[in-house]
Amino acid sequence: MASLVRLKPRSASGRPTWRVQFVAGDGGRRAVYLGAVPKKAAEAWLNRVEQLNACAIAGVPIDTNLAGWVASLPAVSHAKLSSVGLVEPRADSREKHTVGHLAKMFVERSAGKPATIRGFNQTLESLKEFFGTDTLVTAVTAEGADDWRTWVVKDKKGSGRRKKQRTTEDNRLSPPTVAKRVSVAKQVFRAAVRWGWIDKSPFDGLRPGSQANPARARYIPLKTIRDVLDACPSIEWRLIVALSRMAGLRCPSEIGSLTWDAVNWEKGGLTVLAKKTEHHGADHAVRIVPICPELRVILADAFEQAEPGAILVVPSAARASVNFRTHLERIITKAGHKPWPRLLQNLRASCETDWVERYPAHVVAPWLGHSPKVAAQHYLMSREHHFEHVVSGGAAAAGPGPGPDESGQGPPPCDAYCAAPATHLATQQGSARDSVPSHETTEPAETTGVSAGSSELTPFIKTAEMAGTGFEPVTSRL
């Protein structure tokens, strides 16, 4: 016995979609998804499915009339029946590949990083849930692809760890998240075309939309960051916050792999290994990031506290088990602030937003490890003082230069928005306060070979007193 299930409209036409459900001979429940077909056509399919299932359970061949109907079916329709065991697959070996197998092979053949694969899996799980793990890839139609996208847009249920992390009021996925999933789905089925499993991707022509999400972008001023730094329970947490906000490093991949040999104390640069983009080539595998005075103070403090012979700057960031988001939210709350969206990503974006106000975008982008186009799409944020200066005819509207500080009362205490005010630096320990050298260039020099905890740090970092307003990193030779 089979049943016909009417589903809520999920197609662009607004027509209801249909599904035939039945219990197979092994007791398992199966379903044949028909899509947005007329009710009479759905009822005809119901009758045929009942006949085929009855023959399969009884172990008898189908009659001539039913066999003729099966033979007349187009490949896509025939694949729907063979995917649930009602008929034998046609001779074309490509029909043996299911959606579940496609998802598995896509992950196994992907060269992406673990975090990228985790992002892929969210889309792959939704494809398997909607189409069915055992559905043949040849049975997925363009209409079905449209219906899947509509389902992703309208789904309010959620699943897994992200069930309670939706940001929209009605618990739907945000438009940028939907765009990302559509983009991955297109990538998955393009792979099936390359492998010869299908002739054409059913997702061709489906436009993903923009993946930018300005609704979750927050500019985090340095005044807030200093409060957070004061609330950090350890020097490692101070480093995580400072390296994210004042150097724009990715966390945990870049911060966790940063070594003390990568800190060029003499010339004020960090040699950062960019694991996320290293597969794009040598130019994307390593970059040099300038060290601003306030960050230098924190680095020097950490260097003095590190165990002799220590290699990693932030050892805890290299452990996969660390839950950065939860701990950082507690620290921010302790500092008297409300946690913001995309905790670490917005610190990195705020750093770049500050830098582009003083330095050219094509200079800043390599410091962050991406292109100016990517920066404009996903990182840079507008600041209210820009609008206000134009309206008031202020001097800052006439040309580039440092914007107001967090209070809006004047320029920041240091170029590039990074050096701490003198009153803030005065609270640091003496050795760190005296450790800021002149920034003649940001070009990386030979590694010093000085290990953490060594007394030999002094000649490298005590080369000059920092002036009251700090020094800006010169970029002409980077």
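The values are calculated or read from the model by the stated rules, or taken from the named source; none is laboratory data. What you see is a predicted model; the values in this text were computed from it and never measured. Cβ placement follows ideal geometry from the backbone for every residue including glycine, while neighbour counts extend to all protein chains displayed.
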With criteria (1) polar (S, T, N, Q); (2) at pLDDT below 90; (3) part of a helix (DSSP H, G or I), Ser110 comes up short on (3)
Which of (1) in contact (Cβ under 8 Å) with a residue 24 or more places away in the chain; (2) over 35 Å from the mean Cα position of the chain (by Cα) is the odd one out, the single condition Arg90 does not satisfy?
(1)
Name the single residue, out of those in region 338-356 being of a type in the set (D, E, K, R) and surrounded by 19 or more Cβ atoms within 10 Å (Cβ to Cβ), that is nearest to Lys373 (Cα to Cα).
Glu352
Residue that is closer than 24 Å to Val99 by Cα and without any contact (Cβ under 8 Å) to a residue 24 or more places away in the chain, where the choices are Arg19, Arg15, Arg48
Arg19
Hey, Ile198 out of contact with any strand residue (DSSP E or B) (no Cβ under 6 Å at 6 or more places or on another chain), at negative phi and not assigned by TED's automatic domain parsing to the domain that holds Lys154 or not
no
Meets criteria (in contact with a strand residue (DSSP E or B) (Cβ under 8 Å, 6 or more places away or on another chain), of a type in the set (A, V, I, L, M, F, W, C) and crowded, with 16+ Cβ neighbours inside 10 Å) for Phe120:
no
Could you tell me whether any residue of region 170-193 is hydroxyl-bearing (Ser, Thr, Tyr), modelled with pLDDT under 85, assigned by TED's automatic domain parsing to the domain that holds Ala103 and under 30 Å from His337 (Cβ atoms)?
yes
Say we look at region 340-370 and pick out the residues that are more than 19 Å from the chain's Cα centre (by Cα) and in a loop (DSSP other than H, G, I, E, B); which of these is nearest to Asn213 (Cα to Cα)?
Glu357
Take the conditions at pLDDT 85 or above and closer than 24 Å to Ile225 by Cα and apply them to Arg287. Does it pass?
no
Leading residue by the ranking (surrounded by the fewest Cβ atoms within 10 Å (Cβ to Cβ)) among those in region 241-275 that are basic (Lys, Arg) and under 17 Å from Leu368 (Cβ atoms)
Lys275
Condition check for Ser321: assigned to a helix (DSSP H, G or I), over 23 Å from Val364 (Cβ atoms), of a type in the set (Gly, Ala, Ser) and modelled with pLDDT under 90
no
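Each row is one residue, and each column tells you yes or no for (1) under 30 Å from Leu102 (Cβ atoms); (2) in contact with a Gly (Cβ under 9 Å, 6 or more places away or on another chain); (3) of a type in the set (S, T, N, Q).
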site: Val182; (1), (2), (3): yes, yes, no
site: Ala192; (1), (2), (3): yes, no, no
site: Asn213; (1), (2), (3): yes, no, yes
site: Arg216; (1), (2), (3): no, no, no
site: Pro221; (1), (2), (3): no, no, no
site: Cys232; (1), (2), (3): no, no, no
site: Ile240; (1), (2), (3): no, no, no
site: Ala247; (1), (2), (3): no, no, no
site: Ser253; (1), (2), (3): yes, no, yes
Would you be able to tell me the number of residues in region 180-211 that are in a loop (DSSP other than H, G, I, E, B) and under 30 Å from Cys351 (Cβ atoms)?
4
Which numbered condition Gln51 misses (of (1) crowded, with 16+ Cβ neighbours inside 10 Å; (2) within 18 Å of Thr135 (Cα to Cα); (3) not assigned by TED's automatic domain parsing to the domain that holds Gly144)
(2)
Scope region 212-238; condition among the β-branched types (Val, Ile, Thr), assigned to a helix (DSSP H, G or I) and within 23 Å of Val313 (Cβ to Cβ); matching residues:
Ile225, Val228, Ile235
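Here is a check on your reading of the model: is Pro114 free of Cβ contacts under 8 Å to residues at least 24 places away in the same chain, closer than 30 Å to Arg250 by Cβ and exposed (fewer than 14 other Cβ atoms within 10 Å of the Cβ)?
Taking the combined requirement at face value, the residue satisfies it.
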Filtering region 239-278 down to residues that are among the β-branched types (Val, Ile, Thr) and in a loop (DSSP other than H, G, I, E, B) yields Thr277
With under 30 Å from Ile298 (Cα atoms), in contact (Cβ under 8 Å) with a residue 12 or more places away in the chain, of a type in the set (Lys, Arg) and crowded, with 19+ Cβ neighbours inside 10 Å as the only criterion, which of Arg216, Arg238 stands out?
Arg238
Regarding region 73-80, can at least one residue be identified that is at pLDDT 90 or above, of a type outside the set (A, V, I, L, M, F, W, C), under 29 Å from Asp199 (Cα atoms) and not assigned by TED's automatic domain parsing to the domain that holds Thr133?
no
Here are Lys334, Lys373: which of them is among the charged types (D, E, K, R) and modelled with pLDDT under 90?
Lys373
Consider Ser244 carefully, then state whether it is closer than 26 Å to Ala274 by Cα, at pLDDT 90 or above and of a type in the set (S, T, N, Q).
yes
